[in-house]
Amino acid sequence: MKAKKSLGQNFLIDKNIISKIVTEVSACNDDLIIEIGPGRGALTKELKRKQAHLICYEIDQDLAAILNKLEDEKIKIIWQDFLKSRIDEDIEDIKYNKLYIVGNLPYYITTPIIEHIMDSNIDFEKLIIMVQREVAERFMANIHTKEYGYITVVLNYYFEVSKVTDVSRYCFNPVPKVESTVLRLVPRKEKEELDFNKFKEFLKVCFSQKRKTLKNNLKGYDWHKIKNVLNKYHMTESVRAEEISKDVFVEIFKNI
Ligand code: SAH
């Protein structure tokens, strides 16, 4: 069976990388693992050895011949677009201790997938996800760099983001055009309480025109209140969004 480009099918073939990802999923037999996009089961077969509950979302029914064989009383394949799933309902009947989420998925849906998981409001230990190298750099970007942007702040508010390993494109079949990185995203237990959707909207405005100053992007907001926070951190009125840390963004947001 040919890999489908349209579904971003690049199957992992490197044993060492598979093992590194599976090791990150430190699940025991009373835990639950959600795998997104199992494909031909490269990760699934290894995850199965942990004897945890396992739920896999796969969109391509042509993989049934391979994946159905892996099903048992603790392993279930859900044939659905993960982005349209109701994760909370899908797992409500399972009694589990900790939840881990893992996926090597098409790169064009990396951000929607992470957003879908954040919006689902489920509690989990960590998300281990394969992403395009450049995207990993944006997710982990330091302040004052050109990679630092809206998505950096959103993800770092919600998660502690770190690298598991870089992955060469030759670890996949077919070989993709880009290099990859496996990331671990651990939800922060003690994040500032705020209206997350409104915070995201606010950050979008802050970063809407990266070359403009924050003040220019935030026309229509009460600049006086924002200025007070900036002053506290010795920042001038000509500051740009990429010079503001996640914590200061949170403080500004909570003051307006
Ligand atoms: N995880 C496997 C497969 C990677 S290829 C491995 O590492 O080898 C990506 C997989 O995601 C494919 O099987 C593809 O069919 C599946 N996929 C693509 N879009 C999806 C979606 N929206 N929801 C669920 N699965 C999807």
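The values are calculated or read from the model by the stated rules, or taken from the named source; none is laboratory data. Being a predicted model, the structure only gives us computed values, none of them experimental. For neighbour counting, all protein chains shown are included, and Cβ atoms are generated from backbone atoms with ideal geometry for every residue, glycine included. Note: accessible area is taken over every heavy atom of the protein model, side chains too, but ligands, DNA and RNA are not part of it. Shrake-Rupley method; radii C 1.70, N 1.55, O 1.52, S 1.80 Å.
General remarks:
- Just the protein heavy atoms count here, and of the accessible area of the chain at 1.4 Å, carbon and sulfur take up 47 percent.
- The lysines whose alpha-carbon is closer than 23 Å to the alpha-carbon of K215, local same-chain residues fewer than 8 away aside, are K146, K198, K200, K204, K225, K227, K232, K246, K254.
- Cβ charges +1 (Lys, Arg) and -1 (Asp, Glu), total dipole of the chain, debye: 1000 debye
- Taking every protein chain into account, the accessible area of region 24-68 amounts to 38 square angstrom per residue (probe 1.4 Å).
- For region 196-255, the dipole from Cβ point charges (+1 on Lys and Arg, -1 on Asp and Glu) about the Cα centre works out to 200 debye, to the nearest 20.
- By the helix-only formula, in which each DSSP H run with n ≥ 4 contributes -39500 (n - 2.57) and the sum is divided by residues, the chain has a 222 nm mean residue ellipticity of -9000 deg cm²/dmol.
- Electrostatic tally near E46: other residues with Cβ closer than 13 Å to its Cβ, Lys and Arg +1, Asp and Glu -1, net +4.
- Signed unit charges on C-beta, dipole axis of region 144-225, positive-most listed residue L194, G220, S180: G220
- The angle separating the long axis of helix 196-206 from the principal Cα axis of greatest extent in the chain is about 60 degrees.
- Euclidean distance of C-alpha centroids, region 107-124 and region 21-82, integer Å: 18 Å
- Cβ-defined net charge surrounding W223, 11 Å radius [Lys, Arg +1; Asp, Glu -1]: +2
- Solvent-accessible area per residue, Å², over region 186-233 with all protein chains present [probe radius 1.4 Å]: 70 Å²
- Relative contact order, percent, region 196-255 [alpha-carbon distance under 8 Å, six or more residues apart]: 40 percent
- Chymotrypsin sites (Phe, Trp or Tyr not before Pro) within region 203-256: DSSP coil, no more than 16 neighbouring Cβ in 10 Å: Y221, Y233
- With contacts taken as Cα pairs under 8 Å and at least 6 residues apart, the chain reaches a relative contact order of 17 percent.
- Principal axis dimensions, the chain - Cα atoms, whole angstrom, descending: 63, 40, 27
- Rounded D (µm²/s) - region 196-255, Kirkwood Rh over Cα pairs, Stokes-Einstein at 25 °C, 0.890 mPa s: 215 µm²/s
- Charge tally for K4 (other residues, Cβ to Cβ under 10 Å; Lys, Arg +1; Asp, Glu -1): 0.
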